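A short worksheet on the structure shown next.
What follows draws every value from the coordinates through simple rules; no lab data is involved. What you see is a predicted model, and the numbers here were worked out from it, not measured in a lab. All Cβ positions, glycine included, derive from the backbone under ideal geometry; neighbour counts span all protein chains shown.
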Amino acid sequence: GEDVEQSLFLSVREGDSSVINCTYTDSSSTYLYWYKQEPGAGLQLLTYIFSNMDMKQDQRLTVLLNKKDKHLSLRIADTQTGDSAIYFCAETLPSGGSYIPTFGRGTSLIVHP
Amino acid sequence: KAGVTQTPRYLIKTRGQQVTLSCSPISGHRSVSWYQQTPGQGLQFLFEYFSETQRNKGNFPGRFSGRQFSNSRSEMNVSTLELGDSALYLCASSLGSGTIEQYFGPGTRLTVT
């Protein structure tokens, strides 16, 4: 099975909050990331959280980490149509002095008026 | 500061041919990583280069290779192309090996016919 799992689709109304969930399998994961990918573009790093943290807030984005359940979530407050994109979570493991990410399949967020 | 650039953006090749993709990192960044993105396998790590040395390698056959030059620019090469190599190839740069934040380029869309 997948190392990192995400639901494939999420549909929300403009102005509502969006919550995108992710589960990972390796308890040794050091950093956990959220990336955004718009059509025809590469990945944009949205935010990341270190494994010894429970929560991180950055403007409209809130990341929650539950290490016991290996569950990561991204909450987007006041979701706008410009937030429509694919969101990837990734866990990273240290390797050779670097951090190698393993990505989920991505969640397509659709924001409708 | 200019972002990560990848050339070419689109490429069509025939089975059995080889291809070389190029990535120019953000100025001052010394680490370059490559990823393959396909609908079937998602985003997968190919390799990472730092100071002209390969630091990490993903689980890909030897047909996939890369190198990094003294100016940190990187190339990846795929020999004996197969239909399954059709993908979006993404390059990401970071300040150094072990840096948390990676910045992605727009990718090269490779189609193998």
Candidates B:103, B:35, B:89; GNM for chain B (alpha-carbon contacts under 10 Å) flags as most fluctuating B:103
How large is the charge dipole for the protein assembly as shown, taken about the Cα centre, if only the Cβ atoms of Lys, Arg (+1) and Asp, Glu (-1) carry charge, to the nearest 20 debye? 540 debye
Equivalent-ellipsoid semi-axes (√(5λ), Cα gyration tensor) for the protein assembly as shown, whole Å, largest first? 29, 20, 17
For chain B, what relative contact order do you get, as a whole percent, if you take Cα pairs closer than 8 Å and at least 6 residues apart? 36 percent
Hz values of 3J(HN,Hα) by residue in the stretch B:58-63 - Karplus curve (6.51, -1.76, 1.60), Gly and Pro given as x: x, 8, 10, x, x, 5
Just A:41, A:90, A:77 to compare: in a GNM of chain A, with alpha carbon springs under 10 Å, which one fluctuates most? A:41
Among B:2, B:61, B:90, the residue whose Cα sits farthest towards the positive end of the charge dipole of chain B (+1 at Cβ of Lys and Arg, -1 at Cβ of Asp and Glu, taken about the Cα centre) is B:2
Please get the size of the charge dipole for chain B, origin at its Cα centre, with Cβ charges of +1 on Lys and Arg and -1 on Asp and Glu, quoted in debye to the nearest 20. 160 debye
Relative contact order, percent, of chain A when contacts are C-alpha pairs under 8 Å separated by at least 6 residues? 38 percent
Backbone HN-Hα couplings from phi across the stretch A:34-49 [Karplus 6.51/-1.76/1.60, Hz, Gly and Pro as x]: 10, 10, 10, 10, 8, x, x, 10, x, 8, 10, 5, 8, 6, 8, 9
Identify which of A:18, A:29, A:98 has the largest mean-square fluctuation in a Gaussian network model of chain A, with springs joining Cα atoms closer than 10 Å. A:98
For an R0 of 30 angstrom, estimate the FRET efficiency from the Cβ-Cβ distance between residue A:77 and residue A:3 and round to the nearest 0.05. 0.55
Just the Cα atoms of chain B: what Rg and Dmax do they give in Å? 13.1, 38
Computed ³J(HN,Hα) along the stretch B:16-22: with the Karplus parameters 6.51/-1.76/1.60, θ = phi - 60°, integer Hz and x for glycine or proline, the list is x, 6, 10, 9, 10, 10, 10
In what sequence do B:63, B:109 fall when counting other Cβ within 10 Å, fewest first? B:63, B:109
